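Trainee: Got a structure for you, written out below as structure tokens; questions coming shortly.
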């Protein structure tokens, strides 16, 4: 995969992670939630939908040659959320606070900082530029 595709993939992972975990700011607080806890309220299938999004994020992360150890951490985060998420209401609160997609994004970004610092630097600059235009 060339550098442009790698940057596009990293930005897609960032956007999905933030959408799922931190896209909605709670008024009068500094606390943010994403659509994950909201989707989790759908009886019977909400947690499966959230898990599918997270699995897709992990799939995209594998394109960066992430180590088995880091991949195991990412899968653990999704597995933990999936198990706890099945508990009504408690699971949705856990989703709001644990922010496992953001945790997985941090694992990937640490990997990229260690392995491909130039890609991470260019990506950070492009992302800041995009955010400032919004």
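Each reported figure results from applying straightforward, stated rules to the coordinates on display, with no laboratory input. Because the structure is predicted, anything quoted here is derived from the model rather than measured. Every residue, glycine among them, receives a Cβ derived from its backbone with ideal geometry; neighbour counts consider all protein chains shown.
Trainee: Given a cut-off of under 8 Å on Cα pairs at least six residues apart, what relative contact order in percent is computed for the chain?
Mentor: The normalised contact order for the chain reaches 27 percent.
Trainee: Quick check: the angle from helix 46-62's long axis to the longest principal axis of the chain, C-alpha only, nearest 10 degrees?
Mentor: Orientation of helix 46-62: about 20 degrees from the principal axis.
Trainee: Would you work out the relative contact order for segment 58-116, in percent, from Cα pairs under 8 angstrom that are 6 or more residues apart?
Mentor: Rounded, it is 39 percent for segment 58-116.
Trainee: What do you get for the angle between helix 100-115 and the principal long axis of the chain? Use alpha-carbon atoms, 0 to 90 degrees, nearest ten.
Mentor: Compared with the principal axis, the helix lies near 20 degrees.
Trainee: Which Rg and Dmax, in Å, describe the Cα atoms of the chain?
Mentor: Rg then Dmax for the chain, in Å: 15.2, 44.
Trainee: Cα centroids of segment 1-24 and segment 62-110: how far apart, whole angstrom?
Mentor: Here the two parts' Cα centres lie 15 Å apart.
Trainee: How many nm is it between the label spots at residue 3 and residue 97, if each spot is 7 Å from the Cα in line with the beta carbon?
Mentor: Reported label-point gap for residue 3 and residue 97 is 4.4 nm.
Trainee: Hey, fewest Cβ within 10 Å first, where do 21, 92, 70 land in order?
Mentor: Fewest-to-most ranking of 21, 92, 70: 70, 92, 21.
Trainee: State, in angstrom, two size descriptors of segment 51-118 derived from its alpha carbons: Rg to one decimal place and Dmax to the nearest whole number.
Mentor: Values for segment 51-118 (Cα only, Rg and Dmax): 12.8, 44 Å.
Trainee: So how far apart, in nm, are the two label points at residue 49 and residue 113 if each is 7 Å from Cα heading toward Cβ?
Mentor: Rounded to a tenth, the inter-label distance reads 3.4 nm.
Trainee: Taking only Cα atoms, what is the 0 to 90° angle, nearest 10, from helix 3-21's long axis to the longest principal axis of the chain?
Mentor: Helix 3-21 sits at roughly 20 degrees to that axis.
Trainee: Something else: Gain in length, residue 87 to residue 41, computed as 0.36 nm per residue apart minus the alpha-carbon separation, to one decimal in nm?
Mentor: 15.5 nm
Trainee: Could I ask something else about it? Note down the nm distance, to one decimal, between modelled labels 7 Å out along Cα→Cβ at residue 73 and at residue 29.
Mentor: Going by the 7 Å Cα→Cβ label model, 2.7 nm.
Trainee: I've got another one for you. In deg cm²/dmol and to the nearest 500, what is the mean residue ellipticity at 222 nm of the chain if only DSSP H runs of at least 4 residues count, each as -39500 (n - 2.57), divided by the residue total?
Mentor: Calculated from helices alone, the mean residue ellipticity at 222 nm is -24500 deg cm²/dmol.
Trainee: A further question follows. So if each residue of separation counts as 0.36 nm, and I subtract the Cα-Cα distance between residue 60 and residue 124, what length gain in nm does that give?
Mentor: Extra length available between residue 60 and residue 124 comes to 21.3 nm.
Trainee: Equivalent ellipsoid semi-axes for segment 1-72, as square roots of 5 times the alpha carbon gyration tensor eigenvalues: give them largest first, rounded to whole Å.
Mentor: 26, 16, 10
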